[in-house]
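Working notes, beginning with the structure itself.
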Amino acid sequence: MGSEPMEMRKRQMSVQQESAAGGAAPTQQGQPGQANPRGSNACCFCWCCCCSCSWNEDREDRNRKSSYDIKEGTADCEDCPKPTLEEVRSWAQSFDKLMCCPAGRNAFRQFLRTEFSEENMLFWLACEEFCKESNKGSIEERARVIYEDYISILSPKEVSLDSRVRESINRNMLEPTLHTFDDAQLQIYTLMQRDSYPRYMNSSAYKNLLNTLSEQSPES
């Protein structure tokens, strides 16, 4: 009879040891920071590094190579002397005279920035530079940059164009030429002339500039 309790205790101890051994493995697998390196996080990291990030780097490098350009060369203003009183007065005669004057474009561009419509001037200037290009490869590359910056609906600097002009550009982008953006440039020029230009002429920015130059003029 004495041997039976001993056998029962041995079996109980054996069962307890097996249970303890079986419970250790799941606890170890569930510990934070011990995830399988082949888990989903690793796959996402691999996709990001191999595909998404490298694609963005290529695109950024492509845009840097093709910068001619408004974004860097004239990010704040065009290089030009300060306007004279006669020039500033001439801006009120017509929008064409304002746009033909580098100082006029600068002043008008600063006004557009306050109205959150600076992209109109940026697009117009980009088209002016684009039309000076002669290399076919550069024409195609710069056309893509202009499209991505100002025509694409995904761009934060998208300009307002009607559907006819937008569809025409989409067709022309299959084989861009120096005339790809002609209609769009004219439409944006007309928009600025009819909408923003009258407000600029009546703005404190223009009046203050005019008054300042008048006070500095020897005639006064």
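Odds and ends about this structure:
- Pairs with C-alpha atoms separated by more than 23 Å, drawn from the list K97/K132; K82/K207; K97/K207, do not occur.
- The stretch 108-209, relative contact order in percent, only Cα pairs under 8 angstrom and at least six apart counted: 30 percent
- Of the GluC sites (Glu not before Pro) found in the stretch 159-220, those that fall in a DSSP loop while having at most 11 other beta-carbon atoms within 10 Å are E219.
- Overall form of the stretch 125-204 per C-alpha gyration tensor (a/c, 1.5; a/b vs b/c): prolate
- Simple spin-label estimate for K157 and Q93 gives 3.2 nm between the two label positions (7 Å along the Cα-to-Cβ direction from each Cα).
- Neighbour-limited loop hits for chymotrypsin sites (Phe, Trp or Tyr not before Pro), the stretch 99-180 (at most 16 other Cβ within 10 Å; DSSP other than H, G, I, E, B): F116
- Taking trypsin sites (Lys or Arg not before Pro) across the stretch 131-220, the ones in a DSSP loop with at most 10 further Cβ atoms lying within 10 angstrom of their Cβ are K132.
Read-outs: derived from the displayed coordinates by stated rules, not from any lab. Predicted, not measured: the structure shown is a model, and the values here were computed from it. As a convention, Cβ positions derive from the backbone with ideal geometry for all residues, glycine included, and neighbour counts pool all protein chains shown.
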